[in-house]
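Novice: Please see the structure below; I have some questions.
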Amino acid sequence: PADLIASMGTLSRYAGQFVLYALFAAFIGTFSASPRYQHLQPGEALLRLSFSHPGKIKADCRRRTPEELAKLPANMRAPLDCPRERSPVIARVELDGAELVHETFAPSGLSRDGASTGYRRVPIAAGRHRVRAQFNDDVRASGFMYESDRVIDATAGQVVLIDFAPERGGVTIR
């Protein structure tokens, strides 16, 4: 009788584990397919602005005076004082003449000497559109120094990418 009771306890534990595992698998299976994620609405395309670019140095180097050099330790007496801080990147995107994005992206890093990184997603209606993208990476210059203007035929579900890389030709819309 003691062996029968012990084997019944073991059997009930296995049955309980099986029920709990089955419930857990049903829970995971249900929420892996529901609620349904929809990337874009029907009839929409996506306009994506994505770039990482270090702006121009914010200020020119300046020559230190002899008095300033004398105050510095011998190993730090460089005649030029060159700031590290970079200009923010200003991005402006228009779709059919309407402004979608007009933002200033600050440089990264503690000394603000890293790249400015921008990422924006804007759903747009599928169809023919005129896209204009403008960028400025120098606070000492007014207006936009880099520009691209292009007519696109966006199909539903298509991703139109706007990239900024002056070393590869400037502004790319594809």
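Novice: Run the numbers for residue 165 and residue 147: contour at 0.36 nm per residue of separation, minus the present Cα-Cα distance, in nm.
Specialist: Extra length from residue 165 to residue 147 when fully extended: 5.3 nm.
Novice: Right, here's the next one. With a 1.4 Å probe and all protein chains kept in place, how do 138, 113 rank by accessible area, largest first?
Specialist: I get 113, 138, largest accessible area first.
Novice: Please work out, to two decimal places, the log10 of the ratio I(q)/I(0) at q = 0.16, 0.17, 0.20, 0.22 Å⁻¹ from a Debye calculation in which every Cα of segment 70-174 carries one identical scatterer.
Specialist: Values, matching the q order: -0.77, -0.85, -1.06, -1.20.
Novice: Excluding residue 65 itself, what net charge comes from residues whose Cβ is under 13 Å from its Cβ, given Lys and Arg +1 and Asp and Glu -1?
Specialist: +2
Novice: Now for a different question. For the chain, modelled as a GNM with alpha-carbon contacts under 10 angstrom, which of 30, 155, 117 fluctuates the most?
Specialist: 30
Novice: Turning to a different aspect of this structure: So what are the ³J(HN,Hα) numbers for segment 129-139, from phi and the Karplus equation (6.51, -1.76, 1.60; θ = phi - 60°), rounded to whole Hz, Gly and Pro as x?
Specialist: Those phi angles translate into 9, 9, 10, 10, 10, 10, 9, 9, 10, 9, 5 Hz.
Novice: Between 125, 35, 61, whose Cα lies farthest towards the positive end of the dipole of segment 2-155 when Lys and Arg beta carbons carry +1 and Asp and Glu beta carbons carry -1, centred on the Cα centre?
Specialist: Of the options given, the answer is 61.
Novice: Between residue 124 and residues 5 or more places away or on another chain, which pairs have amide H atoms under 5 Å apart, with H built 1.01 Å from N, and which residues are they?
Specialist: Distant-sequence amide H within range of residue 124: 45, 46, 47.
Novice: Could you work out the helix-only [θ] at 222 nm for the chain, with each DSSP H run of four or more residues adding -39,500 (n - 2.57) and the total divided by the number of residues, to the nearest 500 deg cm²/dmol?
Specialist: Result for the chain, helices only: -7500 deg cm²/dmol.
Novice: Is the shape of segment 6-96 best called rounded, prolate or oblate, per the rule: a/c under 1.5 gives rounded, else a/b larger than b/c gives prolate, else oblate, with a ≥ b ≥ c the square roots of the Cα gyration tensor eigenvalues?
Specialist: oblate
Novice: Using a 1.4 Å probe on the protein heavy atoms only, what accessible surface does residue 153 show? Give it in Å² to the nearest 10.
Specialist: Estimated to the nearest 10 Å², residue 153 gives 90 Å².
Novice: In addition: Build a GNM of the chain with springs between Cα atoms under 10 Å: which of 100, 11, 161 gets the top mean-square fluctuation?
Specialist: 11
Novice: I need the phi-derived Karplus couplings for segment 44-50: 6.51 cos²θ - 1.76 cosθ + 1.60, θ = phi - 60°, integer Hz, Gly and Pro marked x.
Specialist: Karplus values, whole Hz, x for Gly and Pro: 10, 10, 10, 9, 10, 9, 8.
Novice: Provide the per residue accessible area, probe 1.4 Å, for the chain, rounded to a whole number of square angstrom.
Specialist: That works out to 67 Å² for each residue.
Novice: Next up: Of the residues 86, 132, 77, which exhibits the maximal mean-square fluctuation in a Gaussian network model of the chain defined by a 10 Å Cα contact cut-off?
Specialist: Maximum fluctuation in the GNM of the chain, among the listed residues, is at 77.
Novice: Still on this structure, please answer the following. To the nearest Å, what is the center-to-center distance of segment 3-50 and segment 126-174, using C-alpha atoms only?
Specialist: Segment 3-50 and segment 126-174 have Cα centres spaced 44 Å from each other.
Novice: Using heavy-atom solvent-accessible surface (probe 1.4 Å) with all chains present, what is the largest-first order of 76, 145?
Specialist: 76, 145
Novice: Can you work out the FRET efficiency for the pair residue 52 and residue 22, with r the C-beta to C-beta distance and R0 = 41 Å, to the nearest 0.05?
Specialist: With R0 = 41 Å, the Cβ-Cβ based efficiency is 0.30.
Novice: Let me ask another. Could you pull the accessible area for residue 34 with a 1.4 Å probe, rounded to 10 Å²?
Specialist: Near enough 60 Å² of accessible area.
The values are calculated or read from the model by the stated rules, or taken from the named source; none is laboratory data. Since we're looking at a predicted model, the values are computed, not measured. Here Cβ is always computed from backbone atoms with ideal geometry, including for glycine, and neighbour counts include all displayed protein chains. Keep in mind that these areas ignore ligands, DNA and RNA; they rest on the heavy atoms of the full protein, side chains included. Shrake-Rupley method; radii C 1.70, N 1.55, O 1.52, S 1.80 Å.
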